[in-house]
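I have placed the structure first, in the form of C-alpha cells, so that the comments after it can refer back to it.
The values are calculated or read from the model by the stated rules, or taken from the named source; none is laboratory data. In this text, all values refer to a predicted model and were calculated from it rather than measured experimentally. Neighbour counts run over all protein chains shown; Cβ positions are idealised from the backbone, glycine included.
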Amino acid sequence: MAIIALSLGISLGSCKRQEASDLTRESLIPLPVSVAATGEYFTISEKTDIYFKGESEELKQVAQQLADRLRPSTGFEIEIIQASSEPKRGSIYFLLTGDGTNPADESYELTISKKFMKISAVNPSGAFRAVQTIRQLLPPEIELSTVGEGPWMVPTGIINDNPDYSYRGMMLDVARHFFSVEDVKRVIDLISYYKLNVLHLHLTDDQGWRIEIKSWPNLTAHGGSTEVGGGEGGFFTQEQYSDIVKYAQQRHIIIVPEIDMPGHTNAALASYPELNCDGKARELYTGINVGFSSLCVRKDITYKFVDDVIRELSALTPGPYFHIGGDESHSTKPEDYVFFIEKTQEIVNKYGKTVLGWDEIATTKLSEGSVAQYWAKAPNALKAVEQGAKVLFSPAVKTYLDMQYDPSTKLGLHWAAYIEIDDAYDWDPATLVEGIGKEFILGVEAPLWTETITHIDELEYMVFPRLAGIAEIGWTPPLKRDWVDYRERLAKHGERLKAMGVDFYQSDRIPWPETVQK
Ligand code: ACM
C-alpha cells in the first residue's frame with residue numbers, strides 16, 4: 001500500500017509542477033465554506049519551520065501537532081518557533097485573532113501564498129480544524145510514517161471556513177463489545193480528521209458496565225466481566241477514562257459520557273441486587289435483545305446509585321453534557337419513566353451538566369437546556385421543540401453506522417435501513433422533519449452500535465466512509481453540498497483513507513481510482 005501511494009505522489013507532484021494550481025478543485029472533506037484560488041504553490045521544504053504568535057499554550061500545541069504530522073513523512077526537522085517578527089519565507093505561521101469571548105468559535109482563515117502558509121483563527125480549536133484542511137491539501141503520503149519523496153506542494157489561495165452546526169459527533173457503543181483505550185484513541189484521531197468535535201461514549205448497557213464507579217465497584221467487577229457473545233468484556237478505570245478525555249481535548253473534541261437508564265441496565269441489575277424491585281440480582285446477559293430491564297424507579301436506593309454515578313462521572317468530564325440514555329425503557333411503566341427521567345435530569349443539573357437523552361425523554365418535562373437526541377420517533381423530537389428544547393439529529397435511517405450498506409454486508413444489522421454512502425450523505429437535518437428547522441437543531445451525530453462489531457477493523461469498515469459524509473452535513477452549508485461533487489471528492493479521498501490504514505467500505509457507487517481499489 002505504501003509503495004503504491006508513494007509512486008502516485010511522485011507522478012502527481014511532478015505533473016502539478018507544470019500547471020497552475022487550482023485550490024478550488026481540491027478534494028476536501030468536509031468542503032470549506034469559501035475557497036479562492038491564486039494559481040501558484042507553496043512548498044514545504046527542509047527550510048520550513050512552524051511559527052506561532054502569542055502566549056497560548058493550546059495554539060503552540062496545535063503547531064506541534066502539525067509538525068508531528070509533517071516530520072515523519074517529509075523527513076524535515078521543522079522547528080516550532082514563537083514568532084517575534086514576520087516569519088521567514090517558506091514557513092507556516094499560526095496566530096489567534098479572537099479576544100477569548102467566544103470559545104465555541106471554530107472558524108479559521110487559511111492563507112496560502114508562494115512565500116508562506118498562514119492560519120488565523122479566533123481560538124486554538126479553529127487552528128486545529130485548519131490543520132486538518134492542510135493535511136488534505138498535501139499529497140496523501142503525508143499520512144505515512146515513512147519518509148516520502150514529495151514534493152510537498154499546496155495550491156495557493158484563501159480558505160475561509162466555519163462549521164454550520166456547533167455539535168458534530170460520533171457515538172461509540174463500548175458496552176455491547178468493549179473497545180480498548182487504544183481503539184478509542186484511534187477513533188478520536190480519525191474523527192478529528194473530519195472536523196468532528198464530539199465523541200459520545202455509550203458506556204453502559206444490558207451486556208456490560210464499562211466505567212469504574214468507585215462507590216459501586218461491583219458495576220465493573222461483575223457487570224463489566226462479559227459482552228455480547230460471552231467474551232471477556234472489560235472496562236475503563238477512571239484514570240483510563242480521564243486519559244481518553246485528555247486525548248480528545250488535545251484534538252478539540254469533547255467526550256459525552258452516557259449512562260443508559262432506566263432501561264438497558266441489566267449489567268447494573270446483575271451487579272447489585274438492591275437495584276431490583278424484588279431485591280434479586282439478575283443474571284449477566286450476552287444476547288442482543290432490548291427492552292427487558294429496568295432500574296426499580298420507586299426505590300430510594302436507586303437515586304443514591306444514580307446520584308453517585310452521575311457525581312463521579314461528571315467530575316471526570318470537562319464537557320458540558322451528560323447523556324442519561326432513556327431509550328427503549330419498555331419494562332418501565334410510563335408514569336415511572338416520567339418520574340425517573342425528571343428526577344435524573346435534576347441530578348445531572350445539580351452536578352453542573354446539561355442533559356442529553358434519546359428522543360423518548362421528550363415525553364417528560366425537560367429541564368432547562370436539555371437536548372433530545374432524535375433517533376427513532378419524529379413526534380418525540382417535535383415534543384422537545386414544543387418545550388423549547390434543542391434536538392440532536394441521529395435519525396437511525398440515515399446516521400446509524402451499524403446499519404448494513406446493502407444486503408451483502410456481512411457485519412451490522414438492518415432493522416432501520418440499508419444505508420449506502422449516498423443515503424448517509426444526501427439529506428439535510430433542517431428539512432428532514434417538518435416543524436424542526438435549523439434554529440432548533442444542535443447538530444448531527446452518527447452512532448455505532450456494536451452488537452456485531454468486535455474489532456477495530458470491523459469498526460472502521462462500518463464507519464468509513466459514511467462518517468465523512470455525516471461530517472460534511474455537520475460542517476458544510478447545505479447549498480454547497482452536492483452528491484455528484486461529493487462522490488468525486490470521496491473517490492480521490494480514498495488515497496488518504498488508505499494512507500491512514502483505514503479499512504473502509506469500497507462502495508461501487510463511488511468512482512474510486514485504480515490505486516484505491518483492492
Ligand atoms: C437506540 O438506538 N436505542 C437509541
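Residue under question is Ala63, and the condition is that it be of a type in the set (Gly, Ala, Ser), at pLDDT 95 or above and surrounded by 15 or more Cβ atoms within 10 Å (Cβ to Cβ); does it hold? Break it down into steps so the answer makes sense when it comes.
Working: of a type in the set (Gly, Ala, Ser): yes; at pLDDT 95 or above: yes; surrounded by 15 or more Cβ atoms within 10 Å (Cβ to Cβ): yes.
So Ala63 fits the description; yes.
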## Note on the structure
Taking the stretch 398-415 and keeping residues within 16 Å of the ligand (Cβ to nearest atom) and touching a residue at least 24 places away in the same chain (Cβ under 8 Å) leaves Lys398, Thr399, Tyr400, Leu401, Asp402, Gly412, Leu413
### Message
Restricting to the stretch 327-342, name every residue that is touching a Ser or Thr at 6+ places or on another chain (Cβ under 9 Å) and not in a loop (DSSP other than H, G, I, E, B).
### Response
Pro334, Asp336, Tyr337, Val338, Phe339, Phe340, Ile341, Glu342
### Message
Could you check the stretch 377-395 and list, in sequence order, the residues that are within 15 Å of the ligand (Cβ to nearest atom) and in contact (Cβ under 8 Å) with a residue 24 or more places away in the chain?
### Response
Ala378, Ala381, Ala384, Val391, Leu392, Phe393, Ser394, Pro395
### Message
Step by step: first the residues of the stretch 327-351, then only those that are in contact with a helix residue (DSSP H, G or I) (Cβ under 7 Å, 6 or more places away or on another chain) and closer than 28 Å to Tyr247 by Cα, then the one that is farthest from the ligand (Cβ to nearest atom). Which residue is that?
### Response
Tyr351
### Query
If you check Val33 against the conditions, is it within 19 Å of Pro87 (Cβ to Cβ) and either surrounded by fewer than 17 Cβ atoms within 10 Å (Cβ to Cβ) or touching a strand residue (DSSP E or B) at 6+ places or on another chain (Cβ under 7 Å) (or both)?
no
### Message
Given the condition within 16 Å of the ligand (Cβ to nearest atom) and out of contact with any helix residue (DSSP H, G or I) (no Cβ under 7 Å at 6 or more places or on another chain), answer yes or no: does some residue in the stretch 450-457 qualify?
### Response
yes
### Query
When you go through (1) of a type in the set (D, E, K, R); (2) closer than 16 Å to Glu258 by Cβ; (3) assigned to a loop (DSSP other than H, G, I, E, B) one by one for Glu360, which number turns out not to apply?
(3)
### Query
Is one or more of the residues making up the stretch 243-253 in a helix (DSSP H, G or I) and crowded, with 24+ Cβ neighbours inside 10 Å?
yes
### Message
Criterion first (over 22 Å from Tyr400 (Cβ atoms), crowded, with 19+ Cβ neighbours inside 10 Å, modelled with pLDDT of 95 or more and in contact with a Ser or Thr (Cβ under 8 Å, 6 or more places away or on another chain)) does Gln373 satisfy it?
### Response
no
### Message
I'd like to know if the stretch 130-137 contains one or more residues that are in contact with a strand residue (DSSP E or B) (Cβ under 9 Å, 6 or more places away or on another chain), over 27 Å from Asp205 (Cβ atoms) and of a type outside the set (A, V, I, L, M).
### Response
yes
### Message
Can you find a residue that is assigned to a loop (DSSP other than H, G, I, E, B), β-branched (Val, Ile, Thr) and either out of contact with any Asp or Glu (no Cβ under 8 Å at 6 or more places or on another chain) or surrounded by fewer than 23 Cβ atoms within 10 Å (Cβ to Cβ) (or both) anywhere in the stretch 486-506?
### Response
yes
### Message
Being in a loop (DSSP other than H, G, I, E, B), surrounded by fewer than 18 Cβ atoms within 10 Å (Cβ to Cβ) and of a type in the set (Gly, Ala, Ser) is the filter here; which residues of the stretch 405-437 pass it?
### Response
Ser408, Ala416, Ala417, Gly435, Gly437
#### Entry: Residue, surrounded by the most Cβ atoms within 10 Å (Cβ to Cβ), within the stretch 196-217, restricted to residues that are in contact with a strand residue (DSSP E or B) (Cβ under 7 Å, 6 or more places away or on another chain) and part of a loop (DSSP other than H, G, I, E, B)
Leu196
### Task
Kindly indicate the residue of the stretch 312-326 that is part of a helix (DSSP H, G or I) and either of a type in the set (Ser, Thr, Tyr) or surrounded by fewer than 17 Cβ atoms within 10 Å (Cβ to Cβ) (or both) and also farthest from the ligand (Cβ to nearest atom) among those meeting that condition.
Ala315
